[in-house]
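Heads up: the structure comes next, in structure tokens.
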Amino acid sequence: MDLSSEPSDTIAAAAAGDRAAFERLYRQFSPRIYGLCLRLTGQREAAEDCTQESFVAAWRALGRFERRSRFSTWLHKIAVNCVLSRRKGLRAAYEVAEPWAGLPERADPAGAAPPLDIERAIAALPDGARHVLVLVGIYGFSHAEAAGALGVAEGTSKAQLHRARQLLTSTLGLEES
Amino acid sequence: MNDRRQESLDKLIESLPREVVPPGHVWPGVAARLSGRPRRMPPMALAAAVAIAAAGLASFFTWTVLQSPSVPRVIQGLTATASFDEPRDPKYVLARDSMEKTFRERLALLEPATRAKIESSLAVIQSAHEDIRKALAADPQSPVLERLWESTWHEEFDLYDRVVQATQPSMTRI
């Protein structure tokens, strides 16, 4: 997980009710939270809703945030919970929406990475495999953290990551390279 | 999966941007829903909550030591007429004082070991009561602390009641 320095003063001010400070936290952390929600849900609208829900939930719970854990870690867990709590509702929407809608046009805008292919392949993965790949493979959760967040056994998390990687390899034609 | 394919996949995953800036309308949606201040459990209230739990345990322990089916008439009369919803109610204070007097008299008749355990339980309850009083002094508007404050009064009264009940009417040594 990204362990970049955390703005402890801003966090403290926001916890005391300073909305301007909370907006600064939003500006700093929302791109990562939105990216996480986008990849977990595979839908732009759902990701927007989850991002909004996550920050509202964070505001309400900020007074109980324990400084022993990292704010970014805490916020990621809130976002994962928001996504998972919407999972049943998302299934119906998934059938009528392009699962990769809203994802970046290019995986690496500054580089030569293949556009959308990897994002589309990830979005098309089964839920369980996609969730683990996004949390562990992209956002740096440990298997224990991912298992805890997803409510599965650590072994299941490892198995799902393996499955996700196999499916991606096949979908992207990497076996032929 | 062989190493080469793994490396290719790792490179692709590594190339993904971790951050995606959300559309501009997301923050106004968040801001519109920020009502009040973040909820907080004050440290003093937390300490008080722990204290009240300890007081409850102490009272329960006393009950297990002293449980008895007999109920003295004087206590029945007090509990029937006094309202204990408000610990500062004069009726409550009067009933409590009377109960405490009887409690002290009966306590002196108990075995030293039993007496020590009951006094220890009472000390826990009174300590909790004092902790909550301090917390209320710092945060007098807290409804949580107010309820905890009342609870400790009830716990103390309950302990007196149990001792009096358990030692009535035959004064059997426990």
Quiz item: Looking at the range A:132-149, which of its residues are under 18 Å from A:R70 (Cα atoms) and in contact with a helix residue (DSSP H, G or I) (Cβ under 8 Å, 6 or more places away or on another chain)?
Solution: A:L135, A:V136, A:Y139, A:F141, A:S142, A:H143, A:A144, A:E145, A:A146, A:A149
Exercise. Hey, could you check the range B:1-41 for residues that are part of a helix (DSSP H, G or I), aliphatic (A, V, I, L, M) and over 15 Å from A:D18 (Cα atoms) and say which is modelled with the highest pLDDT?
Key: B:V26
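In the range A:13-40, what count of residues is obtained for those that are modelled with pLDDT under 90 and out of contact with any Pro (no Cβ under 9 Å at 6 or more places or on another chain)? Steps first, please.
Kept after step one, since they are modelled with pLDDT under 90, are these residues of the range A:13-40: A:15-17.
Add one more test, that the residue is out of contact with any Pro (no Cβ under 9 Å at 6 or more places or on another chain), and what stays is none.
Count: 0.
Results for (1) among the basic types (K, R); (2) modelled with pLDDT of 75 or more, shown as yes or no for each residue.
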| site | (1), (2) |
| --- | --- |
| B:S127 | no, yes |
| B:K134 | yes, no |
| B:A137 | no, no |
| B:V163 | no, yes |
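Output the number of residues of the range A:54-89 satisfying the condition of being closer than 21 Å to A:G151 by Cβ, over 14 Å from the mean Cα position of the chain (by Cα), within 13 Å of chain B (Cβ to nearest Cβ) and at pLDDT below 90. If you could, list the steps in order and put the result at the bottom.
To start, the set of residues in the range A:54-89 that are closer than 21 Å to A:G151 by Cβ comprises A:54, A:57-58, A:61, A:69, A:73-89.
Filter once more, so that each one left must be over 14 Å from the mean Cα position of the chain (by Cα): A:57-58, A:61, A:69, A:88-89.
Still in the running and within 13 Å of chain B (Cβ to nearest Cβ): A:57-58, A:61.
Filter once more, so that each one left must be at pLDDT below 90: A:57, A:61.
Here the count works out to 2.
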Self-check item: Single condition A:T10 does not satisfy, out of (1) at pLDDT below 90; (2) more than 8 Å from every other protein chain (Cβ to nearest Cβ); (3) in contact with a Leu (Cβ under 7 Å, 6 or more places away or on another chain)
Solution: (1)
Practice problem: For residues that are of a type in the set (S, T, N, Q), more than 9 Å from every other protein chain (Cβ to nearest Cβ) and part of a helix (DSSP H, G or I), scanning just the range A:25-53, find the one that is nearest to B:E19 (Cα to Cα). | Solution: A:Q28
Self-check item: Subset of the range A:99-146 that is in a loop (DSSP other than H, G, I, E, B), within 13 Å of the chain's Cα centre (by Cα) and buried (at least 16 other Cβ atoms within 10 Å of the Cβ) - its residue that is modelled with the lowest pLDDT
Solution: A:L103
Exercise. Please name all residue pairs, on different chains or six or more residues apart, with Cβ atoms under 8 Å, provided the first residue is in the range B:13-25 and is at the interface with chain A (Cβ under 7 Å from one of its Cβ atoms) and the second residue is among the aromatic types (F, W, Y) and in a loop (DSSP other than H, G, I, E, B).
Key: B:R18/A:Y139
Practice problem: Answer yes or no: is there a residue in the range A:14-23 that is closer than 21 Å to A:P126 by Cα, at the interface with another protein chain (Cβ under 7 Å from one of its Cβ atoms) and touching a Lys or Arg at 6+ places or on another chain (Cβ under 7 Å). | Solution: no
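The values are calculated or read from the model by the stated rules, or taken from the named source; none is laboratory data. Note that the structure is a prediction, hence the values are computed from the model and not measured. With ideal geometry, Cβ positions are generated from the backbone for all residues, glycine too; neighbour counts draw on all protein chains shown.
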